[in-house]
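Here the structure comes first, spelled out in structure tokens, and everything after it is commentary.
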Amino acid sequence: MKIHEYQAKAILKSFGAPVPDGQVATSARDVRKIAERIGFPAVVKAQVHVGGRGKAGGVKLANKLAELEAAADSILGMLIKGTKVHKILIETAANIDHEYYIGIVIDRARKNPVMMVSAAGGVDIEEVAAKTPEKILKIYIKRHLGILSFQVRQATYFLDLPRGTAKSFSLITQALYGAFMAKDCSLAEINPLVLTKDGEMMCCDAKMNFDDNALWRHPDIEAMRDEEEEEPLETAARKKRVSYVKLNGNIGCIVNGAGLAMTTMDMVKHFGGEPANFLDIGGGAKAEQVTEALRIVTSDPNVKTVLFNIFGGIVRCDLVAKGILEALATLDLTLPIVIRLSGTNEEEARAMLKDTALLAMPTMSEAAKEAVEVSQR
Amino acid sequence: MSILVDKQTRLLIQGITGSEGQFHGAQIIDYGTNVVGGVTPGKGGQQTLGVEVFSTVREAVEKTQANASVVYVPAGFAKDAVLEAIDEGIKLIVCITEGIPTLQMITVYWEAKNNDVVLIGPNCPGVISPGKAKVGIMPGHIHREGRIGVVSRSGTLTYEIVKELTTAGLGQSTCIGIGGDPIIGTTFVDVLAMFESDPETEAVVLIGEIGGTDEEIAADYIKQHMTKPVVGFIAGLTAPPGKRMGHAGAIISGGKGTAREKIVALEAAGIQVAKRPDEIGELVKEVLARKA
């Protein structure tokens, strides 16, 4: 799960990291009050989950109230990569001397968190990693030890931080790591971590993503969810506990199992089509999940054909067929549906579906091919 | 032979009285696996599926000499269940549970590692040595005894491919689902090493997917250390970046972990990668013929 910058900053602040004085606003009317409190220069920042807001004009500096109001007015409602801006963060603009990067993720191969620091902050860190990896220092943390003093010193020397900032930098690393661990983050980063002309360290932008599997432990984080930032069909699917990701194609895929679901999408592409989604109804494929899955997939107006790919292992194919028939009876669908049921009792299942308009195919490849052909008719 | 599970396996089912434990426990027993007992805290002394239920793993191990455990405990309690089994000296733990927080799994991973425990999963279908023992949730009947080792991050995709192999007359020595989470107890390389030293395994099918770099690490390992042929398949060529594709570990992050990179790495190591699951049977026959 993702949250906004202002929410990530609030979390970092609660862990002792310095963040600029600021406040979130949803209307240009709120601007004056905030400006009176924080003063000038101030910065207005669009609060959206997508990246690249700076280039899109979603961040503006203001030196007086009229500028601030104009900036707020232009950013609110603006579209950034298709996402409408509903919220802005107004905060004290830092007097920047240098911008650093500091971030923590899970190193899957090393089975521990890893902290990355770079003196090339303020820009896209993925680009830095790709083009100039020597500008990033990786600090391998052991979960049972936490960040150690010598590791912080290594980072300080690598970044060539000026004298007098070491203590503040150490506090920030501890705050970031503390938040990462306490809140079950999958990513926590400060970019830029600013060294001001006054020699102070300030977290001027922050990003946090959370482990979906751990949200049950953090109702405070779940409460930060902004559904306006999410794909509506994905939100609907999540609430029904169906794993769904919207894509841009026109063949809606309904599959049991994540690996098989990805492979089904790949087969659609292999045969010249474009998948409309990833959807995993789980290993069981019960009737109510089939109904929900069909409802979600066919709510996407791009979908021209539905492709079912069910591998009945322990679950019997005739039971899945029954679920599909029940689902079709409750939904009024006119789209062509291609179905592949394989496994236990597949003959019975095919017999049950024989008198329907469903196009039953014996293998995944044939079903994917058929779905592509049908969608192009 | 085979790897990890066989007729010597004395299996404990943790979470045996829950719905998953009951359903899959019955199937495991039907398959002929030697299930010696179950564990559910507070349900000690009961009988279910023809075995005794214990409230603690300690008591279960004392009374049954169990040497393996399969965990069907819900996500909120799974960390504790696996740690309990590790603490009681069980050396093979198969964790089926999906949804365990990643940071909890880091703790569990190192606890298993430091105690020389083989942990399979979590979020996996388990392990089967056809004709000998089944420890997991995979449909037993699609498997046949044979000499192909299968290792995969997926569930139903593995069944699909196993069925292909069986239909093509290629039985399996052992099939292992290592799990779809970012942090898993046993990775491709661990299993490849086991297959390499198993005299019954002649060739290996490796089924990977987007996310992480385990396939790349496996490619390197195969090139350096494997004498047995490996055929690969990678799912997720059409997966968009930044989106979790069902499995918690199936995510392209920071531009890394794409299917394309993995296929390139495997092919660079001389491994044939199938474009479609239904090509795998033929590819395995080809590499076996070339070897002979």
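Bear in mind that the values in this text are calculations on the coordinates, not laboratory data. Bear in mind the structure is a predicted one, so any value in this text is a computation, not a measurement. Cβ placement follows ideal geometry from the backbone for every residue including glycine, while neighbour counts extend to all protein chains displayed.
Numbers at a glance
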quantity: Charge dipole (debye, nearest 20) of the protein assembly as shown; +1 at Cβ of Lys and Arg, -1 at Cβ of Asp and Glu; calculated: 720 debye
quantity: Between 0 and 90°, nearest 10: helix A:258-270 axis offset from chain A longest Cα axis; calculated: 80 degrees
quantity: Residue mean of other protein chain beta carbons inside 10 Å, B:135-143; calculated: 3
quantity: Under-5 Å amide H pairs with residue B:44, H placed in peptide plane, nonlocal only; calculated: B:55
quantity: Pairwise FRET efficiency - residue A:241 versus residue A:329, Cβ, R0 = 22 Å, nearest 0.05; calculated: 0.45
quantity: Rounded tilt (10° steps) of B:214-225 against the dominant C-alpha axis of chain B; calculated: 70 degrees
quantity: Förster-model FRET efficiency, 45 Å R0, residue A:27 and residue B:220, C-beta, rounded to 0.05; calculated: 0.20
quantity: Length-normalised contact order for chain A - Cα pairs under 8 Å, 6+ apart - percent; calculated: 13 percent
quantity: Shape of the range A:258-370, Cα gyration tensor, a/c cut at 1.5; calculated: rounded
quantity: Dipole of chain A [Lys/Arg +1, Asp/Glu -1 at C-beta], most positive-end residue of A:152, A:68, A:371; calculated: A:152
quantity: Averaged over B:158-169, number of beta-carbon atoms from partner chains that fall within 10 Å; calculated: 3
quantity: Most positive-pole-ward Cα, A:103, A:337, B:94, against dipole of the protein assembly as shown from beta carbon charges; calculated: A:103
quantity: Value of relative contact order over the range A:231-375, rounded to a whole percent, pairs C-alpha under 8 Å and six or more apart; calculated: 25 percent
quantity: Length added when fully stretched, residue A:248-residue A:132, from 0.36 nm per residue minus Cα-Cα; calculated: 38.4 nm
quantity: Lys/Arg +1, Asp/Glu -1 at C-beta; the range A:161-290 dipole; positive extreme among A:261, A:242, A:165; calculated: A:165
quantity: Qualifying aspartates and glutamates (Cα of each under 16 Å from Cα of residue A:33; at least 8 residues distant if same chain); calculated: A:21, A:67, A:69, A:73, A:91
quantity: Cα-based helix-to-principal-axis angle, A:149-159 vs chain A, degrees rounded to 10; calculated: 80 degrees
quantity: About the Cα centre, charge dipole magnitude for chain B (Lys/Arg +1, Asp/Glu -1 at Cβ), debye; calculated: 340 debye
quantity: Pairwise centroid distance, computed over Cα atoms, of the range B:264-292 with the range B:52-119, Å; calculated: 36 Å
quantity: Projected label distance in nm at residue A:182 and residue A:14, using a 7 Å step from Cα toward the beta-carbon; calculated: 0.8 nm
quantity: Protection-proxy order for peptides B:208-218, B:36-46, A:83-93, B:158-168, each taking the mean of Cβ atoms within 10 Å per residue, highest first; calculated: B:208-218, B:158-168, A:83-93, B:36-46
quantity: Set of lysines near residue B:291 by C-alpha distance (under 28 Å), chain-local residues within fewer than 8 positions excluded; calculated: B:132, B:163, B:223, B:228, B:262, B:275
quantity: Shielding score for B:273-281, defined as the mean number of other chain Cβ atoms within 10 Å; calculated: 3
